[in-house]
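Below you'll find the structure, written out as structure tokens, and then a few comments.
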Amino acid sequence: MAPPLRRGKSPDEATTLRSTWLTLLAVVCMAVGMLLRDRAGALGLLVPFFSLLSPLLELVPVLQRAAVFLPDRAGAVAVRRHGRPADVFGPVAGLGILALWAAVAVALAWWALRRRDA
């Protein structure tokens, strides 16, 4: 069941949530860049993923429940003013899921860096 509609957020809360979302998303992108060892390759992979593939996966009914757990979609739950039927968690949980993605991406990037360059 979708979370209830939230009332408007205060400007401070909205600013904090949005900046945390973008910071965690930037950490994921930085880690992917370290994994690929190529910033252009990371951009070539992540820009289509975040702008095309992730929204399209949300449109497929079978994949809709899983698509909300992708990093960009999970963080976006925190900055929405109102809940949607596809949202299965609240704003804090969405940022927590994004933080988990960021932690896994940084751990993989650290492991790859130690393995290749150590």
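The values are calculated or read from the model by the stated rules, or taken from the named source; none is laboratory data. Computed from a prediction, not measured in an experiment: that's the story for all the values here. Here the Cβ positions follow ideal geometry from the backbone for every residue, glycine too, while neighbour counts run over all protein chains shown.
Structure above, values below:
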read-out	value
Verdict on A109 being at pLDDT 80 or above and within 14 Å of the chain's Cα centre (by Cα)	no
Restricting the range 1-48 to residues that are over 21 Å from R84 (Cα atoms) and among the charged types (D, E, K, R), the residue that is modelled with the highest pLDDT	R37
Meets criteria (of a type outside the set (A, V, I, L, M), closer than 19 Å to W21 by Cα, at pLDDT below 85 and surrounded by 12 or more Cβ atoms within 10 Å (Cβ to Cβ)) for R80	yes
